[in-house]
Amino acid sequence: QAAKKAQVVILATGGTIAGAGASAANSATYQAAKVPVDKLLASVPEIGNVANVRGEQVFQIASESFTNAHLLQLAKRVSALSKQKDVDGIVITHGTDTLEETAFFLNVTVRTSKPIVVVGSMRPGTALSADGALNLYNAVATAAAPAAAGKGVLVTMNDQIHTGRDVSKAVNVRPDAFKSPWGELGMVVEGQTHWFRAPVKRHTVNSEFDIDQIDALPQVDIAYGHGNASPVAYQAFAAAGAKALIHAGTGNGSVSKDVVPALRELRSKGVVIVRSSRVGGGGFVLRNAEQPDDDYDWVVAHDLNPQKARLLTALALTQTTDTKQIQRIFLEY
Ligand SMILES: NC(=O)C[C@H](N)C(=O)O
């Protein structure tokens with residue numbers, strides 16, 4: 001008995017997967033966000049074999065300009081669709097530069113167990129060996145797979161299935177650009193998903209955040225650590241209204257000695273200080289290692305990279321300014 005085909009909605013936001021270059025040799029020089037969603041879907045007719053799909057053009061932008069307002073609008077649309085009986089799964093096409101942020105944000109704010117898959121490409125559809133068509137086919141196959149339900153927001157790139165929580169863009173110019181420090185969850189091959197692990201952190205239906213209740217995010221900025229760093233960026237962000245600062249720290253979130261006094265002073269004025277790490281390959285920032293977080297009332301981002309830490313801090317601040325609660329949130333999500 002043939003199973004009923006899943007109903008999957010494709011929310012298109014732009015990026016290289018909708019990009020176009022002047023010639024087939026242009027794999028890295030092209031314009032992102034050119035091809036509309038209907039044309040994108042028409043270019044991969046095989047998708048009709050794995051699901052019934054319909055497309056919605058939410059934005060047409062390059063993801064380096066994905067603002068908090070874009071994030072909120074997209075997440076609210078995903079949430080609304082996930083409540084519809086005639087929707088079994090949702091795919092979001094997205095630029096790869098900030099794909100990891102959007103996938104993480106949806107993972108902790110959309111209260112559904114239906115599959116949500118974020119996908120992009122490293123080469124425009126006009127390029128030789130373009131990766132977008134197969135990535136999109138794989139995303140739809142994953143969104144249509146009952147086994148993908150309840151695993152949080154997923155990212156399919158290069159035949160791999162990653163959790164949106166962990167995944168990060170680790171290479172700029174190759175199709176194997178996305179890595180998860182704790183490993184991918186599985187693979188999608190010829191329209192079939194294969195699973196090898198599942199996320200243990202809180203997400204979607206088990207999250208305390210609900211995008212339906214969030215209409216704005218407080219300003220949270222990131223300052224990059226290095227040996228010759230000064231307090232200027234941190235102080236400027238705070239003066240411009242930042243409620244929290246993410247320190248993209250060296251090593252285990254360490255802070256150069258010229259920056260420490262400024263961060264302590266900003267904390268005394270109410271700015272939340274979060275130590276994360278600029279080291280992308282794995283590991284985590286340990287509380288009270290490198291800096292006395294208990295004494296300074298700082299928070300550590302644990303294994304979340306600075307860009308994901310920015311979003312989790314902003315979400316936490318929609319509910320509390322208590323640093324004990326913010327630290328708990330970092331350990332649970
Ligand atoms: N590969 C890509 O999608 C890069 C592009 N700049 C974007 O993020 O929209």
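I need the full set of residues from region 130-177 which are assigned to a strand (DSSP E or B) and either surrounded by 24 or more Cβ atoms within 10 Å (Cβ to Cβ) or small (Gly, Ala, Ser) (or both), in order please. Spell out the reasoning first.
First, pick out the residues of region 130-177 that are assigned to a strand (DSSP E or B): 154-157, 160-163, 168-169.
Across region 130-177, the qualifying residues are Leu154, Val155, Thr156, Met157, Ile161, His162, Thr163, Ser168.
Sort out which residues of region 274-310 are outside any loop (DSSP other than H, G, I, E, B) and surrounded by 22 or more Cβ atoms within 10 Å (Cβ to Cβ), and write them in order of number.
Listed by number, the residues that qualify are Val274, Arg275, Ser276, Ser277, Val299, Val300, Pro306, Lys308, Ala309, Arg310.
Whether any residue in region 21-34 is touching a helix residue (DSSP H, G or I) at 6+ places or on another chain (Cβ under 8 Å), in a helix (DSSP H, G or I), at pLDDT 95 or above and over 21 Å from Lys114 (Cα atoms) is what I want to check.
Within region 21-34, none of the residues are touching a helix residue (DSSP H, G or I) at 6+ places or on another chain (Cβ under 8 Å), in a helix (DSSP H, G or I), at pLDDT 95 or above and over 21 Å from Lys114 (Cα atoms).
A quick yes/no check of all residues on (1) closer than 22 Å to Leu106 by Cα; (2) modelled with pLDDT of 95 or more:
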{"position": "Ser254", "(1), (2)": "no, yes"}
{"position": "Ser277", "(1), (2)": "no, yes"}
{"position": "Gly280", "(1), (2)": "yes, no"}
{"position": "Gln291", "(1), (2)": "no, yes"}
{"position": "Thr320", "(1), (2)": "yes, yes"}
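What are the pairs, 6+ residues apart or on separate chains, where a residue within region 263-279 that is more than 26 Å from Lys169 (Cβ to Cβ) has its Cβ under 6 Å from a residue that is surrounded by fewer than 16 Cβ atoms within 10 Å (Cβ to Cβ) and not aliphatic (A, V, I, L, M)?
Arg267/Asp297
Go through Ala75, Ala103 for me and flag whichever is under 27 Å from Trp182 (Cβ atoms), hydrophobic (A, V, I, L, M, F, W, C) and away from the ligand (no atom under 16 Å from the Cβ).
Ala75 is the lone residue from the list that is under 27 Å from Trp182 (Cβ atoms), hydrophobic (A, V, I, L, M, F, W, C) and away from the ligand (no atom under 16 Å from the Cβ).
Residues are listed down the side, and each one gets a yes or a no for (1) touching a residue at least 60 places away in the same chain (Cβ under 8 Å); (2) in a strand (DSSP E or B); (3) out of contact with any Ser or Thr (no Cβ under 8 Å at 6 or more places or on another chain):
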site: Phe59; (1), (2), (3): no, yes, no
site: His70; (1), (2), (3): no, no, no
site: Leu74; (1), (2), (3): yes, no, no
site: Ala80; (1), (2), (3): no, no, yes
site: Thr96; (1), (2), (3): yes, no, no
site: Asn107; (1), (2), (3): yes, no, no
site: Thr112; (1), (2), (3): yes, no, no
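Can you confirm whether Lys308 is under 17 Å from the mean Cα position of the chain (by Cα) and assigned by TED's automatic domain parsing to the domain that holds His247?
Working: under 17 Å from the mean Cα position of the chain (by Cα): yes; assigned by TED's automatic domain parsing to the domain that holds His247: yes.
Criteria met by Lys308.
The values are calculated or read from the model by the stated rules, or taken from the named source; none is laboratory data. In this text the structure is predicted, and so the values were computed from the model without any measurement. Note that each Cβ is placed from the backbone with ideal geometry, even for glycine, and that neighbours are counted across all protein chains shown.
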